[in-house]
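Following: one structure in structure tokens, then a few remarks.
Coordinate-derived values only; no laboratory data. Computed from a predicted structure; not experimentally measured. Glycine also receives a Cβ, built like all others from the backbone with ideal geometry; neighbour counts cover every protein chain displayed.
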């Protein structure tokens, strides 16, 4: 970065650290103690899928990485495309196995990154619920290297107060995105 970049307000993007995902299980303990929020066992990786054989071949590699007890030929994750054209790779595990879910999501992210699709990675989402309110997602933004909570309450509505409350509860456990304008809504994300 040069002096001109500083004057023009440009900043060097934060390099994402995929290992930040492993901080989530300890933050989950804090969330459960402070707000009775528990993992649902659903986590997703959002990526802008590329056309062609290279990206399609990664699907098989991801399946092999997520080898679990499943019938032969069964996919180990769900793949959906949202209304914006982004692909969500969703993994479902037992709600009690957050560490396993995080490990699987890290494997998906790492596989995509190592294959050259790192710039296409958008976010990882892990869903939590308290039994009464709608699910809340903790979202890791790759391009920012930080987390933020997202609390949808209905079609195109969110609970900002609840998001700020969750931020206050886990701020010591996760690197939280400080710029609230970067807390993008992920309407219709799997698990929410």
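Using R0 = 22 Å, the C-beta based FRET efficiency linking residue 113 and residue 22 works out to 0.90.
With the simple model of a label 7 Å out from the Cα in the direction of the Cβ, residue 155 to residue 99 spans 4.3 nm.
The calculated FRET efficiency for residue 81 paired with residue 38, based on their beta-carbon distance and R0 = 22 Å, is about 0.15.
Please give the FRET efficiency for residue 180 paired with residue 143, using the beta carbon to beta carbon distance and R0 = 22 Å, rounded to the nearest 0.05. Result of the calculation: an efficiency of 0.85. Relative intensity of the range 114-192 on a log10 scale, I(q)/I(0) at q = 0.16, 0.20, 0.23 Å⁻¹, equals -0.58, -0.88, -1.13, per a Debye sum over C-alpha point scatterers of equal strength in the absence of solvent.
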